[in-house]
C-alpha cells in the first residue's frame with residue numbers, strides 16, 4: 001500500500017513540476033494605439049509590361065508570352081507582386097517559392113530582418129542567364145543581350161503566375177506591412193501623405209517578403225515613369241489596431257500644428273531633401289521645455305503660481321529686458337529719473 005501511495009505521490013509531483021506555473025505572464029499583449037517612429041516608407045504598384053525590354057517567353061500559369069524581365073526581374077512582377085500586361089490585363093505572382101534572389105554579379109542576396117539586403121539590391125529572382133563573368137544577363141526583344149551573351153541558363157523554379165490581381169487593394173489607401181509590428185487590418189496614419197487621397201490614412205491589407213520591421217509599402221497607381229515612385233526614411237506613423245475603436249484620431253491639421261514651430265509655413269509634405277517633421281518636432285519640444293510661457297501661456301502660469309511669484313515673474317519678463325536694452329543703448333533718456 002505504501003509503495004502504491006509513494007508511486008502515486010511521485011507521479012503527482014512530476015505532473016505538477018511539468019505543468020506551467022502560470023500562464024498569466026505568457027499571454028501575448030494586446031496591440032495598442034501608438035506612434036511608431038523611424039519608419040521607412042516605399043511605394044509599390046502593378047508593374048507595367050510596357051516599361052520592359054526583354055524577349056517574350058512563356059511563364060508557368062500564364063497563357064501566351066510575356067517579356068522575361070517583366071516576369072522575373074527585381075522591378076517586375078516577381079518583386080511587385082502584380083503587373084499590367086501589354087494587353088492591359090492584370091496578372092500577379094501566385095507562388096513565391098524560396099527567396100532565390102540574385103544580385104547583378106550573380107551572387108545570392110536576401111532581405112535582412114532590419115532592412116536592406118545581404119548582398120545588395122537584387123537583379124533577378126529565378127530563371128536567370130549568366131554571362132562569361134557569372135553576372136546576370138537576359139535576351140532582349142530586339143535582339144542581343146542586356147549584359148553580354150549568356151553562357152549558362154538556370155531554369156525558373158518555385159515561381160508561378162496567375163491572371164488577375166493578387167488582392168483587392170486600393171491605390172493610396174492600402175499598405176503592405178510586417179504583421180509582427182503592425183497587425184493586418186490596422187488603420188495607419190502617415191503624415192507625409194497628407195496631400196493624397198485619404199488625407200494620410202491607410203489600411204494595412206498586404207504583406208511582402210521584403211517588408212520587415214519598421215517598413216511600410218504604400219500601394220499606388222503606376223507612375224508616369226519607371227523611377228517616379230517616392231521613398232522616405234525616418235518618418236513617423238500612427239497605428240490603430242483593428243481591435244481598437246478610437247474616435248479621436250490625428251488629422252493633417254493637428255499634426256501640422258504639433259510638428260511645425262510657430263512662424264514656419266512649410267507644408268508637411270516636401271521634397272526628398274526636406275527637413276524631416278521629426279526634426280521640426282524636436283526643435284519645438286526643446287523650445288517648449290526651455291520656456292514655460294510657450295507651453296501654457298500667461299493664463300496657465302497665473303493659475304499655477306502664487307500671486308507674489310506671478311508678479312515677480314511678470315516684472316522680470318517685462319522690466320528686466322527693458323533695463324538691459326536701455327543700458328546697452330547710447331541714449332539714457334529712456335530711464336525715468
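In what sequence, highest mean first, do 58-70, 217-229 appear when ranked by Cβ atoms within 10 angstrom?
58-70, 217-229
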**Message:** Please report, in whole Å³, the volume per residue of the convex hull around the C-alpha atoms of segment 214-260.
**Reply:** 148 Å³
**Message:** With just the Cα atoms defining each centre, how far is segment 176-201 from segment 147-172? Give it in Å.
**Reply:** 27 Å
**Message:** I need the calculated FRET efficiency for the pair residue 134 and residue 243, taking r as the beta carbon distance and R₀ as 45 Å, to the nearest 0.05.
**Reply:** 0.35
**Prompt:** So how do 134, 119, 245, 215 line up by other beta-carbon neighbours within 10 Å, fewest first?
**Reply:** 245, 134, 119, 215
**Projected-area average for segment 46-163 over all orientations - Cα convex hull basis, square nanometres** = 7.0 nm²
**Fill in**
Taking 0.36 nm per residue of separation between residue 89 and residue 152 and subtracting their Cα-Cα distance, the length gained on full extension comes to 19.4 nm
**Request:** Highest first, please rank the peptides 146-153, 234-241, 207-214, 78-85 by the mean number of other Cβ atoms sitting within 10 Å of their residues.
**Result:** 78-85, 234-241, 207-214, 146-153
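Any read-out appearing in this document is the output of simple, stated calculations on the displayed coordinates, not a laboratory observation. Values in this document were obtained by computation on a predicted structure and should not be read as measured data. Methodologically, a virtual Cβ is constructed for each residue, glycine included, from the backbone with ideal geometry; neighbour enumeration extends over all protein chains shown.
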